[in-house]
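Written below as C-alpha cells is the structure these notes are about.
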Amino acid sequence: MIVEMRTGAAQEDVDGVVQRAKSLGLGVQLNLGTDKTVVALLGPNTGQLATDVFAVLPGVEQVTRIMKPYKLAAREFKAEDSVVSIDGIEIGGKRIVIMAGPCAVESEKQLMAAAMAVKEAGACILRGGAFKPRTSPFSFQGLEEVGLELLKQTSEQFGIPVVTEVVDSHDVDKVSRYADILQIGARNMQNYALLTEIGKSRRPVVLKRGLSATVTEWLTAADYLLAEGNEQVILCERGVRTFEDSTRFSLDIGSIPVIKKFSHLPLIVDPSHAAGHYSLVPAMAKAVVAAGADGLLIEVHPNPKEALVDGLQSLTPSDFARLVEELKPIAKSVGRYI
Ligand code: PEP
Ligand code: MN
C-alpha cells in the first residue's frame, strides 16, 4: 500500500502515518521527494487492510492499494488449480463439465423429461431452480420445497447430481439435504450472510458473478466461502450489465483468462443468462470452451414455448444435443474433452 502525503505536509503528519503503520505491525519505507513524501507500507496482509485507515490521517493526499483485496482465492495463495469433485465428476480437471436443465423446476414431468434429455446428450449435472429470485414479486417464485423434492427424486432416478440455488441463509441446511451443489445467484453474490452460511456448510457451491461486479469483487466474495473452510468453490461467469442491450447481459469472455491467471478456483460459464435468446447460446458456449472455461451451465427445457421462466433463452433437447456434439472438437482443440 502506498501513502502519498500532500505537498508540504508537516513532518508530524508523516510521523503520524509511520506511527499508525507501526501500530498495525507494518514495515515502512520513506521516499522523500522534492515536493512530497511517499510512504510505502510493507506487510503480508496489506491487501486486506482498508485504505481508509491511512486516508483519514492528516496530511494524506491519496492511498493506493498494490496488493489484491482477496487472499484465499488468489493464485499466490495456492499455485495449483483447485478441482471440485462431485460423485467422481471433477470440475477443474481435463473434462469440460456440462450442467444443464430448466431455469425453474416446474413439474415432475418437466424435470424428468429435461433430466433424461440432458443426460443422454452428455450433461453430467442437472440444474433447476426451486427458489427463483425474480425481478418482480408477482412472477413465479419457484416450487420451493416441492421443487427440492422433485430434484432429489429425479437425481436418484437418473443417477445425476443436481445444482440448485439457495436464496436465503436460513435455507442452507434444507437445500443441502436435497442438492449436491448449492448455487449462489448473481443477485446474491454480495449477500455476506448467505456466503458465510454456505461457507460453514462446506457444500460444493457455484458462485455466480454479480450483475455489475468486477472480477476483484467476485474473487473477494469467494474469499467469504473459503474463509469458512469451504474449499469446494466453483466460480460461474454469467455476463455483466453494460450499455449494450442486444444481449441480456454482456458475456465477459475476458474474465475467463483473467480468472485463470489470478485464481486457482475452477470456473464455469452460463451463456444462457448472458444471451437471453436461444439462438445466441451455441456460439457463446463454443467461445467459452475455446477460452479455457472448465464447464458450462446451460438452460434446457423440454418445451421452451411453455416454460414458466426463461423460455426464450432455453435450448430444446435437440438443439442442446447438437451443441454438445459441436463442442467436442473445440474441447479437443484446447486439450480437453466432454
Ligand atoms: C439461474 O441460474 O437460475 C439464475 C437465476 O441466474 P443468475 O443468478 O445468473 O441471474
Ligand atoms: Mn434462468
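The values are calculated or read from the model by the stated rules, or taken from the named source; none is laboratory data. Predicted model only: the values in this text are computed from it and were never measured. A quick note on method: Cβ atoms are made from the backbone with ideal geometry, for glycine too, and the neighbour counts reach across all protein chains shown. Remember, those area values only see protein heavy atoms, side chains included, never the ligands or the DNA or RNA. Shrake-Rupley method; radii C 1.70, N 1.55, O 1.52, S 1.80 Å.
Computed about the Cα centre, the dipole magnitude for the stretch 49-131 is approximately 140 debye when only Lys and Arg (+1) and Asp and Glu (-1) carry charge, each at its Cβ. Computed from label points 7 Å out along Cα-Cβ, the spacing between PHE138 and GLN29 is 6.2 nm.
Taking a ≥ b ≥ c as the square roots of the eigenvalues of the alpha carbon gyration tensor, the stretch 121-184 is prolate, as a/c is not under 1.5 and a/b beats b/c. Dipole of the chain computed with +1 at Lys/Arg Cβ and -1 at Asp/Glu Cβ about the Cα centre; of GLY292, PRO102, THR220, farthest Cα towards the positive end is GLY292.
Highest mean first, the peptides 35-42, 192-199, 227-234 sorted by other C-beta atoms within 10 Å per residue fall in the order 192-199, 227-234, 35-42.
Sorting the segments 153-161, 235-243 by their residues' average number of neighbouring beta-carbon atoms within 10 angstrom, most packed first, yields 235-243, 153-161. With a Förster radius of 41 Å applied to the beta-carbon distance between LYS78 and GLN19, the computed FRET efficiency rounds to 0.70.
Among the listed pairs LYS119/LYS261; LYS71/LYS332; LYS174/LYS208; LYS208/LYS332; LYS132/LYS286; LYS174/LYS260, a Cα-Cα separation exceeding 23 Å is found for LYS119/LYS261; LYS71/LYS332; LYS208/LYS332; LYS132/LYS286; LYS174/LYS260.
Each of THR216 and MET116 was given a label point 7 Å from its Cα along the Cα-to-Cβ line. The distance between the two points is 5.1 nm. Peptide packing for 181-187, 310-316, 255-261 was compared via the average number of neighbouring C-beta atoms within 10 Å per residue; ordered from the highest value, the list is 181-187, 310-316, 255-261. The dipole here belongs to the chain: it is taken about the Cα centre, uses +1 on the Cβ of Lys and Arg and -1 on the Cβ of Asp and Glu, and is about 600 debye. How high is the FRET efficiency from THR64 to ARG202, r the C-beta distance, R0 45 Å, rounded to 0.05? Efficiency for this residue pair is about 0.80. Counted residue by residue at 0.36 nm each, then reduced by the alpha carbon distance between them, the extension gain from GLN11 to LYS332 reaches 109.3 nm. Carbon-plus-sulfur accessible fraction, the stretch 39-187 (probe radius 1.4 Å, protein heavy atoms only): 52%. Taking amide H as placed 1.01 Å from N in the peptide plane, LEU297 has its amide H under 5 Å from the amide H of MET99, VAL269, ASP270, each at least 5 places away in sequence or on another chain.
Take the alpha carbon gyration tensor of the stretch 66-167, find the square roots of its eigenvalues, order them as a ≥ b ≥ c, and report rounded if a/c is under 1.5; if not, report prolate when a/b exceeds b/c, else oblate. Here the stretch 66-167 falls in the oblate category. Spacing of the modelled spin labels on GLU228 and LEU42, each 7 Å from Cα toward Cβ, amounts to 3.8 nm. Neighbours of VAL28, meaning other residues whose beta-carbon lies under 15 angstrom from its beta-carbon, give a summed charge of -1 when Lys and Arg score +1 and Asp and Glu score -1.
For a straight C-alpha distance cut-off of 14 angstrom, the aspartates and glutamates reachable from LYS109 (same-chain residues fewer than eight places away being disregarded) are GLU149, GLU306.
The smallest convex shape that holds all Cα atoms of the chain, its convex hull, gives 154 Å³ per residue. On a per residue basis, the stretch 112-210 carries 40 Å² of accessible surface, using protein heavy atoms and a 1.4 Å probe.
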